[in-house]
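Written below as structure tokens is the structure these notes are about.
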Amino acid sequence: MIRIENVSKVFNAGNVDEVSALKNVSLEIEAGSFVVIVGSNGSGKSTLLNLILGSFFPTSGKLFINDNNITQLPEHERSKWISMVFQNPANGTAPDLSILENFRLAALRSSNKTMKIGIDDDFVELVREKIKKLDMGLEDKLNQPIGSLSGGQRQALTLLMGVMDKTDVLLMDEPTAALDPKSAQKIMELAKEINATLGITIVLITHSLKDALQYGNRLLMFKSGVIAKDINHDEKQNLTLNEMYDWFV
């Protein structure tokens, strides 16, 4: 579970360019849920994700993962619970390393770095089987540098790597923004499958209202640093795209 208690975030406090990105936000996200967040630029949605990730700390308030207070915990110490898929497919991978080597690094994400996970036959087969499910033909290109792949291919692999090691929460910040429609759909379907089969809590930010309507079991809209709408699963079933468009008018 993610629990956020009265969290505010002010950037450049006391300066002429001071910005109140989040204003006393409280939120509980149940374990295993798939929450989709929408909102205009500057609404506070990415600030929330980065606070959960640990990219920076809140000005006030507290954050918890599974009842663990992570408010002042550095990002690397949160990796035992949290992984992240970024908007740019190039982030989160080592471009000059092979697909297989990148998966090996992902498998060590939350481990004590004195531990060694070798690339033995069992590990190769494990990675091959995971990648084969993408139906992208990459399972036979494990030694190819990951930086030579298309954006869609890299993002799909990044998503798989995000759950290669044990994780409770998967944060996704506009993961389809830089992709073509076919690749974008592949990513969204993969996220849906990961949530359903592994029970990993997903928090997704998107500007695609169509995806926001189609995926997830809870929908949040941020506006001016607060949660303007909180739509549960049953309410979401009766929601239309036109109604969502009206939120932004």
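A few notes on this one:
- The calculated Kirkwood hydrodynamic radius for the range 80-228 is 16.0 Å, given to one decimal from all distinct C-alpha pairs.
- For residue 60, nonlocal amide neighbours, meaning residues 5 or more places apart or on other chains whose placed amide H falls under 5 Å from its own, are 8.
- Mean shadow area of the chain over all directions, Cα convex hull, nm²: 14.5
- Computed FRET value (nearest 0.05) for residue 40 with residue 76, which takes r as the C-beta separation and R₀ as 45 Å: 0.90
- Amide H contacts of residue 85: 171, 172, 173, each under 5 Å away and 5 or more positions distant or on a separate chain (H built 1.01 Å from N in the peptide plane; Pro and chain starts excluded).
- When peptides 217-226, 167-176, 127-136 are ranked by their average number of other Cβ atoms within 10 Å per residue, the highest-first order is 167-176, 217-226, 127-136.
- Derived scalar couplings ³J(HN,Hα) [the range 15-20; Karplus, 6.51 cos²θ - 1.76 cosθ + 1.60; whole Hz; x for Gly, Pro]: 9, 5, 9, 4, 10, 8
- For the range 18-106, the fraction of alpha-carbon pairs in successive 5 Å shells from zero, as %: 2, 10, 20, 21, 20, 13, 8, 4, 1
- Inter-part distance, the range 208-231 to the range 85-110, computed on C-alpha centroids, equals 29 Å.
- GNM flexibility winner over the chain from 15, 66, 41 (Cα, springs under 10 Å): 15
FYI, it's all coordinate maths here, none of it is from the lab. Quick caveat, the model's predicted, so the values are computed rather than measured. Please note: Cβ atoms are built from the backbone with ideal geometry, for glycine as well, and neighbour counts cover all protein chains shown.
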